[in-house]
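The values are calculated or read from the model by the stated rules, or taken from the named source; none is laboratory data. Keep in mind it's a predicted model, so treat the numbers as computed, not measured. Glycine also receives a Cβ, built like all others from the backbone with ideal geometry; neighbour counts cover every protein chain displayed.
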Amino acid sequence: MTTPSIAIIVAMAKNRTIGINNTLPWRCPDDLKRFKAMTMGHHIIMGRKTFESIGRVLPGRTTVVVTHNPHLNLPGCVMANSLPDAVAHGFRDTQTFIVGGAEIYQQAMSFADTLYITEIQKSVEGDARFPYFDVRDWRETAREQHHQELPEVFDYHFVTYKRK
């Protein structure tokens, strides 16, 4: 049996912002389509606050929510009391995705083998940031450059990194 890939998937601004007031600080429909296509059929792991910001179980995926509250029960979700416990739920999956938020990303950086980052090519205000990572520990394997006019104008890149 092969070890499943543990991938972090995130959209972040140039200043590492990933959120503000538990929402995304931009609108990028292509990023959401990519997220759906990549995570469909797989386990997605998120913190409770990220789940609350989404507001529902995402169809076609196994949603694993990490929480410190042992009494929390979210219908349709697998509950985990730690990130290692959450990852263990996806051991039969070929790829498990860490989808946020900032605290969960920080914990996952030490063992994730792939980073799927949408680099929003502007700095934005926010209260949640993606953790620093040393690019020397990673090999960029793909980069797609895009531009959108609507719903707001900016450039963005889909970037894939594999751990060296």
| said: Scan the stretch 57-67 and tell me whether some residue there is under 15 Å from the mean Cα position of the chain (by Cα), in a helix (DSSP H, G or I), closer than 30 Å to residue 149 by Cα and hydrophobic (A, V, I, L, M, F, W, C). | reply: no
| request: Note down all Cβ pairs under 7 Å where the first residue falls in the stretch 140-164 and is closer than 11 Å to residue 28 by Cβ, the second is among the β-branched types (Val, Ile, Thr), and they're at least six residues apart or on different chains. | output: 154/120; 156/118; 156/120; 158/118
| task | May I ask you to list the residues in the stretch 124-164 that are farther than 29 Å from residue 66 by Cα and not in a strand (DSSP E or B)? | result | 136, 149, 150, 151, 152, 153
| note | Counting only residues that are surrounded by 22 or more Cβ atoms within 10 Å (Cβ to Cβ) and either assigned to a helix (DSSP H, G or I) or in contact with a Ser or Thr (Cβ under 8 Å, 6 or more places away or on another chain) (or both), the stretch 88-100 contains a total of 4
| note | Exactly one of 96, 114, 67, 39 is at pLDDT 95 or above, closer than 22 Å to residue 139 by Cβ, touching a Lys or Arg at 6+ places or on another chain (Cβ under 8 Å) and among the hydroxyl-bearing types (Ser, Thr, Tyr), and that residue is 114
